[in-house]
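**Q** Structure in structure tokens, see below.
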Amino acid sequence: MADIIDGKAFAATVREKVATHVARLKEEHGITPGLAVVLVGEDPASEVYVRNKGRQTVECGMNSFEHKLPADTPEADLLALIDQLNNDPAVHGILCQLPVPDHIDEATVINAIAPEKDVDGFHISNVGLLATGQKAMVPCTPLGCLMMLRDRHGSLSGMDAVVVGRSNIVGKPMAQLLLKDSCTVTIAHSRTKNIEEVCKRADILVAAVGRPEMITGDWVKPGATVIDVGINRIPAPERGEGKMRLVGDVEFASVSAVAGAITPVPGGVGPMTIAVLLANTVTACCRMNGLAEPEGLTA
Ligand code: NDP
């Protein structure tokens, strides 16, 4: 039976490190890191995320600035707000909650954020910096996966890593991070041939697909470390009519019988994402002020 990687506990230790570093920044330098989150529209799931981000930001001792704009906000008004936040010295991290309404161009918004304040790591400059092995702001979910992998293995050098999924927010940056840590990296996607065989080569298997329980035990090398990024809601009639439950992209029962370690869903990668967002905000603040970055919280 695989070891269960407890993302909830790991995220709590990341938040503790963030809080410690924030306290030091305040005490020694009189600086309080600040995170601005912008939400356009009233998507209920996004509202929950934004609320959680704000609460955890404050719990770590940082300033949280929330900007809620109506769904019909013109793109120009959103860009004007981002410009104002870019120029606000109290703001060290800016995040625009995605998705934005259809009349707003996502890429334009992302690339309007000052790269040094881009705590989501989606700005084209940060993508390029990561791809060329330079100091970047790194997307939160893959950075959280990397932290858990380093914690389990120490050095990842020479390991065979397979990332299933090639999205800009998870799959591609995850592959870049594993490459930076000297893994031999394969990216699999919907057109990959013999995907089971490809996955079976992996010492590290990261699933970021969005297909419930796609990866089963017979796809996995015995002893491999399996990181399940997927969050899928499926019907759970056993819990009552109309009830749903969360599953990952990995079939937990069969894979945990083969793998050496596995992240569960829920309670694996999910809790890490906001914790890393807080870490990225502290990192951005330190870089902006020419101060030492928090140890173990960056790529
Ligand atoms: P996307 O839909 O953007 O990308 C999915 C990727 O999976 C694509 O590259 C696609 O390939 C690939 N894919 C789809 N079907 C198959 C298949 N049958 N075989 C192999 N590859 C396939 O998703 P995201 O990257 O945004 O998210 C992936 C999952 O992670 C989702 O469940 C999402 O909810 C979850 N997620 C979780 C987060 C967390 O905090 N834990 C944060 C972000 C996402 P192709 O490019 O060829 O179409």
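**Q** Which of the residues spanning the range 139-162 are within 15 Å of the ligand (Cβ to nearest atom) and within 28 Å of ILE94 (Cα to Cα)?
**A** Within the range 139-162, PRO139, CYS140, THR141, PRO142, LEU143, GLY144, CYS145, LEU146, MET147, MET148, LEU149 qualify.
**Q** Over 30 Å from ASP120 (Cα atoms), assigned by TED's automatic domain parsing to the domain that holds MET148 and either under 18 Å from the mean Cα position of the chain (by Cα) or at pLDDT 95 or above (or both): is that true of ALA253 in this structure?
**A** In short, yes.
**Q** Scanning the range 205-221 for residues that are part of a loop (DSSP other than H, G, I, E, B) and more than 17 Å from the chain's Cα centre (by Cα), which turns out farthest from the ligand (Cβ to nearest atom)?
**A** Filtering the range 205-221 for residues that are part of a loop (DSSP other than H, G, I, E, B) and more than 17 Å from the chain's Cα centre (by Cα), the one farthest from the ligand (Cβ to nearest atom) comes out as LYS221.
**Q** Among the residues of the range 143-177, count how many are touching a strand residue (DSSP E or B) at 6+ places or on another chain (Cβ under 8 Å) and farther than 15 Å from ALA224 by Cα.
**A** 6
**Q** I've got another one for you. Among the listed residues GLY248, GLY240, identify the single one that is more than 12 Å from GLY7 (Cβ to Cβ), at pLDDT 95 or above and in the same structural domain as VAL170 (by TED's automatic domain parsing).
**A** Only one candidate qualifies: GLY240.
**Q** Considering each residue of the range 266-299, count those that are within 16 Å of the ligand (Cβ to nearest atom), part of a loop (DSSP other than H, G, I, E, B) and in contact with a helix residue (DSSP H, G or I) (Cβ under 7 Å, 6 or more places away or on another chain), and give that number.
**A** Residues in the range 266-299 being within 16 Å of the ligand (Cβ to nearest atom), part of a loop (DSSP other than H, G, I, E, B) and in contact with a helix residue (DSSP H, G or I) (Cβ under 7 Å, 6 or more places away or on another chain): 3 in total.
**Q** Could we say that ALA202 is over 28 Å from GLU106 (Cβ atoms), at pLDDT 95 or above, surrounded by 15 or more Cβ atoms within 10 Å (Cβ to Cβ) and within 15 Å of the ligand (Cβ to nearest atom) here?
**A** So ALA202 passes the test.
**Q** Among all residue pairs at least 6 apart or on different chains, which show Cβ distances below 6 Å where the first residue, located in the range 6-29, is closer than 15 Å to THR57 by Cβ and the second is of a type in the set (S, T, N, Q) and buried (at least 21 other Cβ atoms within 10 Å of the Cβ)?
**A** Sorted first by the residue in the range 6-29, then by its partner, the list stays empty.
**Q** Follow-up question, since we're still on this one. Is it true that VAL226 is in contact with a strand residue (DSSP E or B) (Cβ under 7 Å, 6 or more places away or on another chain) and closer than 19 Å to ASP6 by Cα?
**A** Judged against the criteria, VAL226 is a match.
**Q** Mind checking whether some residue in the range 187-194 is open to solvent by less than 10 Å² (accessible area, probe 1.4 Å), modelled with pLDDT of 95 or more and in the same structural domain as ALA257 (by TED's automatic domain parsing)?
**A** Checked against the condition, which is being open to solvent by less than 10 Å² (accessible area, probe 1.4 Å), modelled with pLDDT of 95 or more and in the same structural domain as ALA257 (by TED's automatic domain parsing), the range 187-194 yields at least one hit.
**Q** Something else now. Could you grab me the full set of residues in the range 173-198 that are within 14 Å of the ligand (Cβ to nearest atom) and aliphatic (A, V, I, L, M)?
**A** Matches in the range 173-198: MET174, ALA175, ILE187, ALA188, ILE195, VAL198.
**Q** Check ILE110 against each of (1) more than 10 Å from the ligand (Cβ to nearest atom); (2) touching a residue at least 60 places away in the same chain (Cβ under 8 Å); (3) not aromatic (Phe, Trp, Tyr) and name the one condition it does not meet.
**A** Status for ILE110: all satisfied but (2).
The values are calculated or read from the model by the stated rules, or taken from the named source; none is laboratory data. These numbers come from a predicted model, not from an experiment. Glycine also receives a Cβ, built like all others from the backbone with ideal geometry; neighbour counts cover every protein chain displayed. All accessible areas refer to the heavy atoms of the entire protein, side chains included, with ligands and DNA or RNA removed. Shrake-Rupley method; radii C 1.70, N 1.55, O 1.52, S 1.80 Å.
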